[in-house]
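Just below is one structure, and these are the notes that go with it.
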Amino acid sequence: MAEKDLPFDIESIVNKALEELNGMDRDADLEKWRLKYFGRKGIFADLTGSIPKIEQSLRPIAGTKINSAKRQLNAAFEEKKKRVSCGVEANSEIKMNFTLSGLKPDYGSLHPITLVSREIVRIFHGLGFGVHTGPEIETDFYNFEALNMPVDHPARDMWDTFYLDSKRKILLRTHTSPVQIRVLEKLPVPLRIIAIGKTFRRDAFDASHSPVFHQVEGLMVGYDITFSNLKAVLAFFLRELFGPEIKIRFLPSYFPFTEPSAEISISCVICGGKGCQTCAWSGWLEILGAGMVHPEVFRKSGLKDPRLTGFAFGAGIDRIAMIKYRIDDIRHLSFNDIRFLNQFR
Ligand code: PHE
């Protein structure tokens, strides 16, 4: 006994079924076809029902044959159904409305912090500054000690710090100034670099404070760098960033790692210096801290040449973005509201 002795010719059943299916282009015909072959009283139900009547040794062969035929036809049926329902078949009823307007692809946009950071990099690239980064998790040495703030130095209170260990040796950097030390340790002088990145402070999260924000640090070191260079570089930078019409003001200030130190403001871009809410009716917006690198900073970085001088500065990028784009609440920068972000295309 062998295949040829089966009481049915499965091949010709399959061929006939495929042929019928092939000519169809309407859902209703497909359904008829399905019932004819796979319905409760369909051809395959009959075939399966006939197995017990077949000679014992042929039953497994019959079962396998029937199953693989079913699988083949099912696959062909599903494929055909898809083609008919999307109207690819010659006479199929059209299921698609070709007059509907299409879906607009949704484009992303660059975050305002990214836009401002790129602009800053562009300006300083033009002045020959390289771009560097440092770790967001810092040690007490780089964040404070090497910046001339030994343990218990009162100036440490200027930065409310997130410590990561109970000994207070590891922390989230409170400013980008530790990159100054890392760069001085690594690069040959003379050098000029900026560093952009995230900074962290244990501040309230309100309209003007955020525990996570961004800074740009600048450092230029050489043998003939003076306060005039600092003024020239920062004036150029601020006019490129905010427009040539702004006024720039230097006031004396204090940072442990610069001497002398300055705080730098621009005339208010909202009111032009007349006084408004944004500038607290002062006409000025404070934008940068800066100064001449303190000799102790060189010493802590391992640079002993007494002829070395340099300047450093630091600015908040979130604040710059808020001024540039008239954003009234720093929280908009991290809430990821698509209606806000969509404006920066
Ligand atoms: N690191 C200072 C701050 O966060 C800013 C600064 C940088 C001041 C470099 C002077 C020189 O407030």
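The values are calculated or read from the model by the stated rules, or taken from the named source; none is laboratory data. What you see is a predicted model; the values in this text were computed from it and never measured. Note: ideal-geometry Cβ built from the backbone for every residue, glycine included; neighbour counts use all protein chains shown. Surface areas here come from the heavy atoms of the whole protein model, side chains and all, with no ligands, DNA or RNA. Shrake-Rupley method; radii C 1.70, N 1.55, O 1.52, S 1.80 Å.
Enumerate cysteines in the chain without a disulfide-compatible partner, where compatibility requires another Cys Cβ under 4.7 angstrom.
Taking the Cβ cut-off of 4.7 Å, the unpaired cysteines of the chain are Cys86.
Could you give the nm distance between label points at Ala235 and Glu78, where each point is 7 Å from its Cα heading toward the beta carbon?
So the label points at Ala235 and Glu78 sit 7.5 nm apart.
Return the single residue from Pro105, Pro306, Pro244 with maximal mean-square fluctuation; model: Gaussian network over the chain, springs between Cα atoms under 10 Å.
Judging by the Gaussian network model, the answer is Pro105.
Counting only protein heavy atoms and using a 1.4 Å probe, what share of the accessible area of segment 189-313 belongs to carbon plus sulfur, as a whole percent?
Within segment 189-313, the accessible surface is 54 percent carbon and sulfur.
Just to be sure I follow the definition: excluding the sites themselves, where is the longest run in the chain that has none of the GluC sites (Glu not before Pro) in a DSSP loop with at most 11 other Cβ atoms within 10 Å?
Segment 56-244 is the longest.
Add +1 for every Lys or Arg and -1 for every Asp or Glu among the other residues with Cβ under 13 Å from the Cβ of Asp152, and state the total. Walk me through the numbers on the way to the answer.
On the way: positive: Arg156, Arg168; negative: Asp140, Glu145, Asp157.
Combined, the nearby Lys, Arg, Asp and Glu give -1.
Per residue of segment 152-158, what does 6.51 cos²θ - 1.76 cosθ + 1.60 with θ = phi - 60° give for ³J(HN,Hα)? Whole Hz please, x for Gly and Pro, Karplus curve as stated.
Once θ is set to phi - 60°, the couplings for segment 152-158 become 6, 5, x, 5, 4, 5, 5 Hz.
Assigning unit charges at the beta carbon (Lys, Arg +1; Asp, Glu -1) and nothing else, what dipole magnitude in debye, to the nearest 20, does the chain show about its Cα centre?
300 debye
Name the residue, out of Gly102, Gly316, Gly23, whose mean-square fluctuation peaks in a Gaussian network model built on the chain with Cα pairs under 10 Å.
Judging by the Gaussian network model, the answer is Gly23.
Give me the extension gain from Ala280 to Phe205: residue separation times 0.36 nm, minus the current Cα-Cα distance, reported in nm with one decimal.
Here the segment from Ala280 to Phe205 would lengthen by 25.0 nm.
7 Å from Cα along Cα→Cβ at both Leu164 and Asp9: what's the point-to-point distance in nm?
7.9 nm
At R0 = 35 Å, how high is the FRET efficiency between Leu103 and Phe335 if r is their beta carbon distance? Nearest 0.05 is fine. Write out the running numbers ahead of the final one.
Values: r = 27 Å, r/R0 = 0.76.
With a Förster radius of 35 Å, E is 0.85.
What is the distance, in nm, between label points placed 7 Å from the Cα along the Cα-to-Cβ direction at Lys186 and at Tyr325?
2.9 nm
Need one number: % antiparallel among DSSP beta bridges in the chain, to the nearest 5.
95 percent
Are there any trypsin sites (Lys or Arg not before Pro) in segment 15-88 that are in a DSSP loop and have at most 15 other Cβ atoms within 10 Å? List them by number.
In loop regions of segment 15-88 (DSSP not H, G, I, E or B), the sparsely surrounded trypsin sites (Lys or Arg not before Pro) are Arg26, Arg40, Lys41.
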